[in-house]
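Report on one structure; see the data block that follows.
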Amino acid sequence: ALALAVPSASAAPPQRFLLTLARDIRGHQPPRLVLVDRSGALVRQIGTGGYVAVNGEWSPNGQSIAWSDPGGVHVEDADGTDARLLVPHETGCNTACGQPSFIWTPDGTGLDVGGAGPQTNEFLYVPIDGSPPSALTPTRPWTFAGPVEWTSGGRSLIWVSSGGKPGTAGCCHFSVFETVAATHATRTLFTGPSQGVQGPAFSPSGRQRIMF
């Protein structure tokens with residue numbers, strides 16, 4: 001599921017911008033995703049507002065937009081057509097429940113989605129053409145796994161795993177991994193207690209990282 005092509009260097013950057021808004025001049029509003037042009041004028045709202053992880057990302061070639069809202073993780077064409085739900089939000093989580101997170105694969109044909117499934121502990125590769133998703137890692141109770149970024153040229157996927165059942169020896173960990181797309185070989189970049197750790201940031205070369 002990690003084997004993929006490098007995006008075209010000739011792809012034109014979008015001339016419109018995705019913004020997540022928490023309020024407007026009319027008063028408080030649930031967070032919602034909007035598309036604006038270079039002048040700041042509203043083009044359209046995307047998806048549904050709600051008090052969840054509302055986020056949006058352009059595809060690498062600028063031809064599609066993926067977003068998350070209370071319904072789950074969606075994708076549509078850049079002009080707003082052909083919107084479809086790829087990963088529905090499922091209710092009933094009773095363990096270490098999280099919010100969905102996603103990034104595009106470098107070739108723009110799929111999404112790496114964390115926080116999926118009824119216990120929000122599934123980490124999936126999800127093609128945008130409607131093909132069935134596939135698991136990127138085995139699921140573990142009380143554990144969240146999700147994507148961080150792809151390294152330059154689409155060589156490797158950086159991802160994190162955190163969690164552990166409170167009150168047990170397995171609580172509470174935070175780990176960062178690198179999985180090489182060509183071989184699926186995975187190595188641990190960092191592991192430690194999760195208290196106070198929010199996530200990693202990487203240098204453009206991928207050789208240095210900051211934990212915050």
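Observations on the model:
- Portion, in percent, of the accessible area of region 59-110 that falls on carbon or sulfur, probe 1.4 Å: 48 percent
- Normalised contact order of region 104-174, rounded percent, pairs of Cα under 8 Å and 6 or more residues apart: 22 percent
- For N94 and T183, the FRET efficiency from 1/(1 + (r/R0)^6), where r spans their Cβ atoms and R0 equals 35 Å, is about 0.40.
- Once the Cβ-Cβ distance of Q29 and T81 is raised to the sixth power relative to R0 = 41 Å, the FRET efficiency obtained is 0.95.
- Whole-Hz couplings from phi, Karplus 6.51/-1.76/1.60, listed for region 95-102; x for Gly and Pro: 10, 8, 7, x, 9, x, 9, 8
- Ratio of the Cα radius of gyration of region 66-145 to 2.2 N^0.38 Å, where N counts its residues: 1.07
- The Cβ shell under 12 Å around D79 holds other residues with a net charge of -1, Lys and Arg each +1, Asp and Glu each -1.
The values are calculated or read from the model by the stated rules, or taken from the named source; none is laboratory data. Just so we're clear, the structure is a prediction, and the values are computed from it rather than from any experiment. So basically every Cβ, Gly included, is an ideal-geometry build from the backbone, and we count neighbours across all protein chains shown. In case anyone asks, the SASA skips ligands and DNA or RNA and just uses the protein heavy atoms, side chains included. Shrake-Rupley method; radii C 1.70, N 1.55, O 1.52, S 1.80 Å.
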